Amino acid sequence: MDTTKKINSGKVKLTSDNISKGIVREQIKCMLKDQTVLDDNQLLASRRKIIPDNGIGEPIYIFAYGSLLWNPTFNYQEQLPARIYGFHRRFCMKTKLGRGSSKNPGLMLALDRGGNCKGSVYKLNKKTEIYEIDLLFKREMITGAYIPKLIKTEIGSGQWVKSLAFTVDKKNKNYIANITLEETAKLISNANGFLGTCEEYLNFTLASLKELNIKDKQMNKIYNLIKKN
């Protein structure tokens, strides 16, 4: 099933057009000043490390566990329920950019080690898959905060595919190893950036998980903590 697609409420809309034109990257580059922002050649080299220009010899899927569920910003053939093993969804990346600020940093989801994660996959069109993946790298890998991986993914009983997933880089300075649910809720409730509020990000993701009949106890606990305050 397709999840309902949504757009962020911030002053810069996260769209394929704004990503391909470099508008999102320029916004981030301006905010980071002297810090690293990857250019097109660096992003291309990063993609080629795991997916060559001629593909991988089989259909390519994109694994979605957070904002890609409700705003993929790339074209695809179909969306299917999926699960990966060895990683779980967690608010573990601090952000002072799209959904946070220096004064009130937010938290973003990433795939952290351990457990498993239910989400969905997008099957890409063979003719345009490399273009769509390069567009996705311009969205997810601008600061090199994630480690992209091709992960064995279950999409049905006994049916497995390879999907591209963006896993957390534990060496990144914004990675948070240990944080309580109360601290997580506080950061999310106060954070706002050029893409919108961190709470919107949480709410949209929970809505998509509900549509997929996925229960994420940690995410729901964070949501309830925010609503109590």
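The values are calculated or read from the model by the stated rules, or taken from the named source; none is laboratory data. Treat the numbers as computed from the prediction; the structure is a model and nothing was measured. Cβ placement follows ideal geometry from the backbone for every residue including glycine, while neighbour counts extend to all protein chains displayed. The protein model used for the area step is the full one, side chains on, heavy atoms only, and it has no ligands, DNA or RNA in it. Shrake-Rupley method; radii C 1.70, N 1.55, O 1.52, S 1.80 Å.
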### Message
So if I check each of Val161, Val168, which one is within 26 Å of Ile226 (Cα to Cα) and either polar (S, T, N, Q) or in contact with a strand residue (DSSP E or B) (Cβ under 6 Å, 6 or more places away or on another chain) (or both)?
### Response
Val168
#### Entry: Cβ-Cβ under 8 Å pairs, at least 6 apart or on other chains, segment 1-15 side on the phi > 0 side of the Ramachandran plot, far side assigned to a loop (DSSP other than H, G, I, E, B) and of a type in the set (Lys, Arg)
none
### Query
Taking segment 165-186, which residues are loosely packed, with under 12 Cβ neighbours inside 10 Å and farther than 19 Å from Arg99 by Cα?
Lys171, Ala177, Asn178, Thr180
### Message
I'm checking my understanding of the structure. Among residues of segment 189-229 that are open to solvent by 50 Å² or more (accessible area, probe 1.4 Å) and either charged (D, E, K, R) or modelled with pLDDT under 95 (or both), which one is farthest from Gly106 (Cα to Cα)?
### Response
Glu211
### Message
Can you list residue pairs whose Cβ atoms sit under 9 Å apart, with the first residue in segment 125-143 being in contact (Cβ under 8 Å) with a residue 24 or more places away in the chain and hydroxyl-bearing (Ser, Thr, Tyr) and the second being open to solvent by less than 50 Å² (accessible area, probe 1.4 Å) and in a helix (DSSP H, G or I)? Count only pairs 6 or more apart in sequence or on different chains.
### Response
Thr143/Ile28; Thr143/Leu32
### Hits in segment 109-148 (condition: touching a Leu at 6+ places or on another chain (Cβ under 8 Å) and within 25 Å of Thr36 (Cα to Cα))
Glu132, Ile133, Asp134, Leu136, Phe137, Lys138, Arg139, Met141, Ile142, Thr143, Gly144, Pro148
### Message
I'm trying to understand the selection: among the residues of segment 47-76, which are open to solvent by less than 10 Å² (accessible area, probe 1.4 Å) and part of a strand (DSSP E or B)?
### Response
Ile62, Phe63, Ala64
### Task
Run Lys11 past the list (1) within 18 Å of the chain's Cα centre (by Cα); (2) part of a loop (DSSP other than H, G, I, E, B); (3) surrounded by fewer than 19 Cβ atoms within 10 Å (Cβ to Cβ); (4) of a type outside the set (Phe, Trp, Tyr) and report the number of the one that doesn't hold.
(1)
### Query
Which one of these does Lys118 not meet: (1) open to solvent by less than 50 Å² (accessible area, probe 1.4 Å); (2) part of a strand (DSSP E or B)?
(1)
### Message
If the requirement is being over 24 Å from Arg113 (Cα atoms) and part of a strand (DSSP E or B), which of these qualifies: Gln42, Gln79?
### Response
Gln79
### Summary
The condition from (1) in contact with an Asp or Glu (Cβ under 9 Å, 6 or more places away or on another chain); (2) closer than 19 Å to Lys96 by Cβ that Thr36 misses is numbered (1)
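Being among the polar types (S, T, N, Q) and without any contact (Cβ under 8 Å) to a residue 12 or more places away in the chain is the filter; apply it to segment 16-41 and report the residue that is surrounded by the fewest Cβ atoms within 10 Å (Cβ to Cβ).
So, considering only residues that are among the polar types (S, T, N, Q) and without any contact (Cβ under 8 Å) to a residue 12 or more places away in the chain, the one surrounded by the fewest Cβ atoms within 10 Å (Cβ to Cβ) is Asn41.
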